Amino acid sequence: MRRLLKDEVGSELIEFSVSAGVLMMIIFGIMDCSRALYAYHFVAGAARDATRYAAVRGATWSGALCLLSTSFQCAATSSDVTSYVKSITPIGLTTGSLTVLTTWPGTTATGVSCNALGIYNSPGCMVNVKVVYTFSFVLPFLPKNALTLASTSKVMITQ
């Protein structure tokens, strides 16, 4: 009986399984956190791209509608900017978790009113775009609460 208690045959298998389980949790945790960074990188870039989209499609385009997200000679509306951001959403992120808020405050970069004619998207006025993405971790041992990733960009309308 004493010999059986001192025998360590098979202990390596138990140690390996515990170590491999911990290592896999760490590797998949890093991968899921990398997905969150990937989503935040998209949100920050999308906010900048959307403000550029709105800035070059101001009121001077004679009121033509932006029928496609690639239309150039058109005046962009809030829904056009939202469609543009959703069209550039990369693989792996869902457009259902994406919110885009576009506003034209009617002021210049210095805060002076620029909407004398009631046109908020005229050249010289500012446009603000806020992109929000609700990110959820996939792995069960990471937080269950959705992570809200947001970025705001503000630029002066050029056309």
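The chymotrypsin sites (Phe, Trp or Tyr not before Pro) of region 78-144 that meet both conditions, a loop assignment by DSSP and at most 14 other Cβ atoms within 10 Å of the site Cβ, are PHE141.
Once the C-beta distance of MET156 and MET24 is scaled by a Förster radius of 35 Å, the resulting FRET efficiency is 0.10 to the nearest 0.05.
Stokes-Einstein, applied to the Kirkwood radius of region 95-159 over Cα pairs at a viscosity of 0.890 mPa s and 25 °C, places its translational diffusion at 177 µm² s⁻¹.
Computed from the Cβ-Cβ distance with R0 of 35 Å, the FRET efficiency linking PHE141 to ARG48 stands at 0.55.
Using Cα-Cα distances under 8 Å and only pairs 6 or more residues apart, what relative contact order does region 94-159 have, in percent? So the answer I get is 33 percent.
Compare the Cα positions of PHE42, PHE135, CYS114 along the charge dipole of region 10-156 (+1 at Cβ of Lys, Arg; -1 at Cβ of Asp, Glu; about the Cα centre) and return the one farthest towards the positive end. The residue sitting farthest along the positive end of the dipole is CYS114.
Among VAL22, VAL132, what is the fewest-to-most ranking by other Cβ atoms within 10 Å?
So the ranking, lowest neighbour count to highest, is VAL22, VAL132.
Short-range pairs are left out: with C-alpha atoms under 8 Å and at least six residues apart, the relative contact order of region 10-156 is 26 percent. Working from the pairwise distances between different alpha carbons, so that the mean of 1/r is found and then inverted, what is region 10-156's Kirkwood radius in Å? After inverting the mean inverse Cα-Cα distance, the result is 17.7 Å.
Every read-out reported here was derived from the displayed coordinates using simple, explicitly stated rules and does not represent laboratory data. Since the model is a prediction, treat every value here as computed from it, not as a measurement. With ideal geometry, Cβ positions are generated from the backbone for all residues, glycine too; neighbour counts draw on all protein chains shown.
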